[in-house]
Amino acid sequence: MADLATIANLVAPFFGLILLGFVIGRWKRLPEAGLVWLQFFLIYVALPPLFYRLIADKPVTELANGRFILATTLSTFLVFMLSLAVGLRATRGDLPQAVMQGVAGSYSNIGYMGPPLLLAALGPAASAPLVLIFVFDSLLLFSIIPFLMALAGVEKKSPLDTARQVAWQVATHPFNVATLLGILASATHFELPSVLDKMTLWLSQAAAPCALFLLGVTVALRPMKTLPAEVPVLVAIKLVLHPLLIWLLLSAIGNFPDIWIFTGVIMAALPPALNIFMISTQYRVGIDRASACILIGTVVSMVSLTGFLWLVKTGRMAADLFP
């Protein structure tokens, strides 16, 4: 029981901040437009320094792991396709709605919740696989979504225009820019001037609490009106199947450090990302379903994520299924 209490104490502050945001969001009922600046601060100001600092002091060779990228990205793609199929069945072939379901069943809260939780649970050694999962999962999903939406007729653009849009979004995304700068700093052994180093440190430390509070407020301002029948299936795919699939694929490919395998499992076990709601709002598709998936997924992950962390931290989960 002591082990479980330790894990609960590790996870509780993260969900506590989400709950705090939720309670205040329901209590104060301030205009939703006020969240725009906080979202901008997170995406463009606070989180990029966090990703930069995660990798700037890592050897470049540590990031050049194509087998790890293949296993984790393939698992995300497979659960996306399965969730997409569930969505197509539930919505009777409504592709735009089903795309949102696909994202809900595969896209973890890897940007807002992943870095602080993984670093607290597994230590600095988790930062390299964490960054790789974030970058390549984001590349995968933010490439698939525009093409499928264009295919469904939501975006009236040619395939060439869609490809240009995807390329531009990938190249200019602040997280990807920060990751690239971090890799360059690592390769050249560049060190920030003391003033910038302190500023990026403060900003990176502000990212997690702001992000988790924002998640709670956003869910509070988008109350779930009904529970779509497919949401429990999508939550099970996201919180149980996804981490187990990554564990299986990394074990099958083999020859990874234990900490890399555990990082992949815990990252996949994170609740659905807040970005799902932002994407559904952008396309004006499936907003109620997105809210339901985020709310139910976050609540259920309090148990499932704690369980996976307990298995990892107590040694009850072997790093490699096929030693």
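Within the range 75-83, one or more residues are of a type outside the set (Lys, Arg), open to solvent by 30 Å² or more (accessible area, probe 1.4 Å) and closer than 29 Å to Ala207 by Cα.
State all residues of the range 17-38 that are touching a Leu at 6+ places or on another chain (Cβ under 7 Å), open to solvent by 50 Å² or more (accessible area, probe 1.4 Å) and modelled with pLDDT under 85; if no residue qualifies, say none. Answer for the range 17-38, where residues must be touching a Leu at 6+ places or on another chain (Cβ under 7 Å), open to solvent by 50 Å² or more (accessible area, probe 1.4 Å) and modelled with pLDDT under 85: just Glu32. Consider the range 177-195. How many of its residues are surrounded by 15 or more Cβ atoms within 10 Å (Cβ to Cβ) and among the polar types (S, T, N, Q)? Qualifying residue count, the range 177-195: 2. Could you tell me whether Leu214 is within 24 Å of Leu82 (Cβ to Cβ), in contact with a helix residue (DSSP H, G or I) (Cβ under 9 Å, 6 or more places away or on another chain) and not basic (Lys, Arg)? When the stated conditions are applied, Leu214 does not pass them. Summed over the range 258-292, residues that are in a loop (DSSP other than H, G, I, E, B) and either crowded, with 24+ Cβ neighbours inside 10 Å or in contact (Cβ under 8 Å) with a residue 12 or more places away in the chain (or both) total 6. Restricting the search to the range 114-126, which residues are surrounded by fewer than 22 Cβ atoms within 10 Å (Cβ to Cβ) and either among the small types (Gly, Ala, Ser) or under 11 Å from the mean Cα position of the chain (by Cα) (or both)? Within the range 114-126, Ala120, Ala121, Gly123, Ala125 qualify.
Scanning the range 290-323 for residues that are in contact with a strand residue (DSSP E or B) (Cβ under 8 Å, 6 or more places away or on another chain) and of a type in the set (Gly, Ala, Ser) yields a count of 1. Test Phe14 against the stated conditions and say whether it is open to solvent by less than 40 Å² (accessible area, probe 1.4 Å), in contact (Cβ under 8 Å) with a residue 40 or more places away in the chain and of a type outside the set (A, V, I, L, M). Answer is yes for this residue. Of the residues making up the range 41-65, just one is open to solvent by 70 Å² or more (accessible area, probe 1.4 Å), at pLDDT below 85 and assigned to a helix (DSSP H, G or I), namely Thr61.
When the residues of the range 293-323 are filtered to those that are touching a residue at least 24 places away in the same chain (Cβ under 8 Å), open to solvent by 60 Å² or more (accessible area, probe 1.4 Å) and part of a loop (DSSP other than H, G, I, E, B), the one that is nearest to Leu84 (Cα to Cα) is Leu321. Summed over the range 84-113, residues that are in a helix (DSSP H, G or I), in contact (Cβ under 8 Å) with a residue 40 or more places away in the chain, among the small types (Gly, Ala, Ser) and surrounded by fewer than 24 Cβ atoms within 10 Å (Cβ to Cβ) total 1.
Of all residues in the range 114-156, none satisfies the criterion of being part of a loop (DSSP other than H, G, I, E, B) and either touching a His at 6+ places or on another chain (Cβ under 6 Å) or closer than 16 Å to Tyr52 by Cα (or both).
One line per residue, one yes/no per condition, for (1) buried (at least 19 other Cβ atoms within 10 Å of the Cβ); (2) assigned to a loop (DSSP other than H, G, I, E, B):
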residue	(1), (2)
Thr226	no, yes
Leu234	yes, no
Leu239	yes, no
Leu244	no, no
Ala252	no, no
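Among the residues examined, Phe213 qualifies as more than 30 Å from Leu63 (Cα to Cα) and either open to solvent by less than 10 Å² (accessible area, probe 1.4 Å) or touching a residue at least 24 places away in the same chain (Cβ under 8 Å) (or both). Residues in the range 196-207 that are open to solvent by 80 Å² or more (accessible area, probe 1.4 Å) and modelled with pLDDT of 90 or more were compared, and the one that is nearest to Phe14 (Cα to Cα) is Trp202.
The number of residues in the range 1-49 that are hydroxyl-bearing (Ser, Thr, Tyr) and within 17 Å of the chain's Cα centre (by Cα) comes to 1.
The values are calculated or read from the model by the stated rules, or taken from the named source; none is laboratory data. Quick caveat: nothing in here was measured; it's all calculated off a predicted structure. No Cβ is skipped: glycine too gets one built from the backbone with ideal geometry, and neighbour counts run over all protein chains shown. These accessible areas exclude ligands, DNA and RNA; they are computed on the full protein's heavy atoms, side chains included. Shrake-Rupley method; radii C 1.70, N 1.55, O 1.52, S 1.80 Å.
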